[in-house]
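Trainee: Please read through the structure below; I'll follow up with questions.
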Amino acid sequence: MKNLSVDQIESFAHTLHQARKNKQEIEPFSKIHGEYSLVDSYKVQTRGIDLRKADGEKIIGYKMGLTSKAKMDQMGLHTPIFGVLTEPMQVENKKTFSLKGHLHPKTEPEIYFITNRELSGSLNVEEVPLVCDRIGVALEILDSRYQGFKYFSLPDVIADNASSSHFVLGDSVPSSTVLDWSALKIELLADGKVQETATGGAILGNPLKSLCELVSLLGAEGRSLPQGSIVLAGAATTAIALSTGQKAEAKLESVGSVSFTVVDSL
Ligand code: OOG
Ligand code: MG
């Protein structure tokens, strides 16, 4: 494995940025240049986020990915990763989502946190309810910039902001109202029919651990998690493809639901 040069980091970030804006698929970098390190892949991701900030996008949170066995097996990758959420990525609950110009969008059920203080260093699972006022149910919409959403290597996915596209935040409860987040059933539905089911524990054994993992991954880069961040824990089930007219919904036991309806075509 080789280190990427500063010019390569810059070039990968620009290529992904243009691919996302123009909705054009690209060939995974690792297929062309060979494997590169996770450290370099996060540098590409961060540079890509800088380009989006220069376009006026504001960071409002983070997403964890590959935190459940179902997702790891679906993508053939077995290490938790993170990506960044920006303001234009948020879609309103119970509204529409247009497929226009998307490449190969999928959706998956997520648990989300909203942090009430800046977090750095290490965080224990027991501390999570104290540092998050609310925890809720969300849907993430993924859309990789790579051809066919496949031939993945971990650095490629990280560089591509962990395949993120959009997200919808749904019902939430004060974090103290649920004692065991691992036991709660989470379901992904399409047009009212259950497609995928899991419990919260599918996420790292306890979904609250995902926030601890994010704080630790950011810490490894000398970064902290700002107060008021939205954090997606990573899907507990596999993702399903979106199609026109479909109503996608996620339900989290004791918490509530979140949904959107797909309009237009690819
Ligand atoms: C990578 C992103 C994974 C999750 O919730 O596990 C993710 C992918 O599936 O392409 O968002
Ligand atoms: Mg996800």
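Values in this text are rule-based calculations from the coordinates and carry no lab data. Bear in mind that the values here come from a model prediction, so they are computed numbers and not experimental data. Glycine gets a Cβ as well: all are built from the backbone with ideal geometry, and neighbour counts include every protein chain shown.
Trainee: Which FRET efficiency, nearest 0.05, do Lys95 and Thr177 yield, Cβ-Cβ r, R0 22 Å?
Mentor: 0.25
Trainee: Jot down the radius of gyration and Dmax of the range 49-198, Cα atoms only, both in angstrom.
Mentor: 16.0, 43
Trainee: Tell me which lysines have Cα within less than 28 Å of Lys23's Cα, excluding those fewer than 8 residues away on the same chain?
Mentor: Lys31, Lys43, Lys53, Lys58, Lys63, Lys71, Lys94, Lys95, Lys100, Lys106, Lys150, Lys247
Trainee: On to the next question. Run through all the Cα pairs of the chain and give the fraction in each 10 Å bin from 0, expressed as whole percent.
Mentor: 7, 32, 38, 20, 3
Trainee: Same structure, new question: Which loop GluC sites (Glu not before Pro) in the range 184-266, with loop taken from DSSP, have no more than 12 other Cβ atoms within 10 angstrom of their Cβ?
Mentor: Passing sites in the range 184-266 are Glu221.
Trainee: To continue, here is another question. Of the options Gly148, Ile60, Gly192, report the single residue whose Cα projects farthest towards the positive end of the charge dipole of the chain (beta-carbon charges: Lys, Arg +1; Asp, Glu -1).
Mentor: Checked the options; the winner is Gly148.
Trainee: Given the -39500 (n - 2.57) contribution per DSSP H run of 4+ residues, what per-residue ellipticity at 222 nm results for the chain, rounded to the nearest 500 deg cm²/dmol?
Mentor: That comes out to -7500 deg cm²/dmol.
Trainee: Working out 0.36 nm times the residue gap between Ser5 and Ala220, then minus their Cα-Cα distance, what length gain in nm do you get to one decimal?
Mentor: Here the segment from Ser5 to Ala220 would lengthen by 75.3 nm.
Trainee: What do you get for trypsin sites (Lys or Arg not before Pro) in the range 173-266 restricted to DSSP loop and a cutoff of at most 15 other Cβ within 10 Å of the site's Cβ?
Mentor: Arg223
Trainee: Tell me whether the range 1-119 comes out rounded, prolate or oblate; compute the Cα gyration tensor, take square roots of the eigenvalues as a ≥ b ≥ c, and use a/c under 1.5 as the rounded threshold.
Mentor: Rounded.
Trainee: Post the alpha-carbon centroid distance, the range 38-53 to the range 160-199, in whole angstrom.
Mentor: Between the Cα centres of the range 38-53 and the range 160-199 lies a distance of 27 Å.
Trainee: Let me ask another. Dipole size in debye (nearest 20) for the range 3-45 around its Cα centre, Lys and Arg Cβ +1, Asp and Glu Cβ -1? Intermediate values should be presented prior to the final figure.
Mentor: Working: 5 positive and 6 negative charges, 49 e Å.
Around 240 debye, computed over the range 3-45.
Trainee: Shape verdict for the range 112-210, please, from the Cα gyration tensor: rounded (a/c under 1.5), prolate (a/b greater than b/c) or oblate.
Mentor: Oblate, since a/c reaches 1.5 and b/c is not below a/b.
Trainee: At a Förster radius of 41 Å, what calculated FRET efficiency corresponds to the Cβ-Cβ distance of Leu266 and Leu38, to the nearest 0.05?
Mentor: The formula returns an efficiency of 0.85 here.
Trainee: Could you give me the ³J(HN,Hα) list for the range 164-178, computed from phi with Karplus coefficients 6.51, -1.76, 1.60 and θ = phi - 60°, whole Hz, x at Gly and Pro?
Mentor: Result, ordered by residue: 6, 9, 9, 8, 10, 9, x, 4, 9, 9, x, 4, 6, 6, 10 Hz.
Trainee: To continue, here is another question. Could you give each residue of the range 87-95 its phi-based ³J(HN,Hα) in whole Hz, using Karplus coefficients 6.51, -1.76, 1.60 with θ = phi - 60°, and x for Gly or Pro?
Mentor: 3, x, 7, 7, 10, 5, 4, 6, 10
Trainee: Can I ask one more? Charges only on Cβ, +1 for Lys and Arg, -1 for Asp and Glu: so what's the dipole of the chain about the Cα centre, in debye to the nearest 20?
Mentor: Once rounded to the nearest 20, the dipole reads 360 debye.
Trainee: For an R0 of 25 angstrom, estimate the FRET efficiency from the Cβ-Cβ distance between Leu130 and Lys58 and round to the nearest 0.05.
Mentor: E between Leu130 and Lys58, to the nearest 0.05, is 0.40.
Trainee: Something else: Round to a whole angstrom and tell me the spacing of the C-alpha centers of the range 115-141 and the range 61-103.
Mentor: Using only Cα atoms to place each centre, the spacing works out to 18 Å.
Trainee: Could you calculate the contour length gain from Thr79 to Asn22, that is, 0.36 nm times the residue separation minus the distance between their Cα atoms, to one decimal place in nm?
Mentor: Details: separation 57, 0.36 × 57 = 20.52 nm, distance 2.94 nm.
Stretched out fully, the Thr79 to Asn22 stretch lengthens by 17.6 nm.
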